[in-house]
Amino acid sequence: MKPQIVFQDFGGKHNFDTKKTEDRLKQARTYEDLSTICIVPTRGVIPAKVVQSWWGMMSPMNQKFTRIFMIGMEVGEAYNQAIEAILSNPELSKWKYVLTMEEDNCPPPDGLLRLYEGMKEYDVVGGLYWTKGEGGQPMIYGSPSTFPKDFVPQLPKSECLHECNGLGMGFNLFKLSIFKDKKLQKPWFKTVQEYTPGIGTSAFTQDLYFYNNAGALGYKFACDTRVKVGHYDYEGKFGMPDMMW
């Protein structure tokens with residue numbers, strides 16, 4: 001401690017500028033109900049480096065947070081069954097948010113806290129991560145300003161909420177209320193690759209299938225590009241083993 005002469009003024013840092021403190025609390029939304037269920041589809045074994053990042057992830061103080069693992073299921077069906085189980089549970093159905101995490105995604109310690117900040121303006125907010133490999137593409141799909149709607153990978157806008165038509169599922173925060181909307185087509189998540197005579201082909205991964213249907217109902221999505229999420233290639237299928245893309 002440096003030498004000092006003390007005149008008593010112990011109001012504290014956060015009381016010094018109450019407007020600044022109030023703005024910080026409003027942005028973080030920690031005074032609201034942030035109850036969150038984290039759902040994780042997995043083949044059953046999760047790499048240690050991924051687990052280490054999950055252990056380091058902060059959740060809001062004195063808020064309800066729990067995890068559900070779906071083991072050995074097709075990924076779209078895993079999400080569908082997890083959401084159905086949540087909505088049929090007398091307690092969990094009252095919670096506010098669902099966080100999706102996948103067994104190869106490594107969020108930063110403050111990732112979840114940052115995602116909450118965007119949930120007033122958007123219905124789903126995800127972290128920024130990339131497809132694996134040297135030619136990795138950002139999992140931010142489609143610009144809402146483009147017509148007709150597309151899911152072309154977007155050039156990420158730096159350190160902001162980047163509005164889009166769809167996201168990957170590796171680290172996404174959803175309002176649970178979306179899944180209570182009777183107008184939203186079920187199953188919510190479905191891998192599609194089909195041809196309809198007279199119409200043409202249709203191909204969606206389970207994530208973009210959801211975003212296509214939910215977006216048509218007016219729900220809004222964004223990627224928080226401040227939340228940088230590693231995409232772990234443990235086996236080296238897209239390069240050297242133990243690569244974080």
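The values are calculated or read from the model by the stated rules, or taken from the named source; none is laboratory data. Keep in mind the model is a prediction, meaning the values are calculated, not measured. Virtual Cβ from ideal backbone geometry, glycine too; neighbours counted across all protein chains shown.
Structure summary
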item: Residue list for region 131-180, filter: over 13 Å from residue 214 (Cβ atoms) and among the polar types (S, T, N, Q); result: 131, 137, 143, 145, 146, 154, 158
item: Filter result for residue 156 (in contact with a His (Cβ under 7 Å, 6 or more places away or on another chain) and surrounded by fewer than 19 Cβ atoms within 10 Å (Cβ to Cβ)); result: yes
item: So residue 34, is it surrounded by fewer than 16 Cβ atoms within 10 Å (Cβ to Cβ), closer than 22 Å to residue 224 by Cα and among the hydrophobic types (A, V, I, L, M, F, W, C); result: no
item: Pairs where the first residue, in region 91-102, is under 19 Å from residue 206 (Cα atoms) and the second is aliphatic (A, V, I, L, M) and assigned to a strand (DSSP E or B), C-beta under 6 Å, 6+ apart; result: 98/37; 99/173; 100/39; 101/40
item: Count of region 27-62 residues which are basic (Lys, Arg) and more than 22 Å from residue 108 (Cβ to Cβ); result: 1
item: Subset tally (residues that are loosely packed, with under 14 Cβ neighbours inside 10 Å, touching a residue at least 60 places away in the same chain (Cβ under 8 Å) and among the aromatic types (Phe, Trp, Tyr)) for region 132-153; result: 0
item: Extreme residue, nearest to residue 30 (Cα to Cα), among residues of region 118-131 that are surrounded by fewer than 19 Cβ atoms within 10 Å (Cβ to Cβ) and of a type outside the set (Val, Ile, Thr); result: 120
item: Residue within region 83-93 that is modelled with pLDDT of 95 or more, crowded, with 17+ Cβ neighbours inside 10 Å and of a type in the set (S, T, N, Q) present; result: no
item: Scan of region 38-65 for residues that are of a type in the set (Phe, Trp, Tyr) and either touching a helix residue (DSSP H, G or I) at 6+ places or on another chain (Cβ under 7 Å) or surrounded by fewer than 15 Cβ atoms within 10 Å (Cβ to Cβ) (or both), ordered by number; result: 55
item: Among residues of region 127-178, those that are among the hydrophobic types (A, V, I, L, M, F, W, C) and more than 18 Å from the chain's Cα centre (by Cα), counted; result: 3
item: Those residues of region 94-116 which are hydrophobic (A, V, I, L, M, F, W, C), assigned to a helix (DSSP H, G or I) and crowded, with 23+ Cβ neighbours inside 10 Å, in sequence order; result: 112, 115
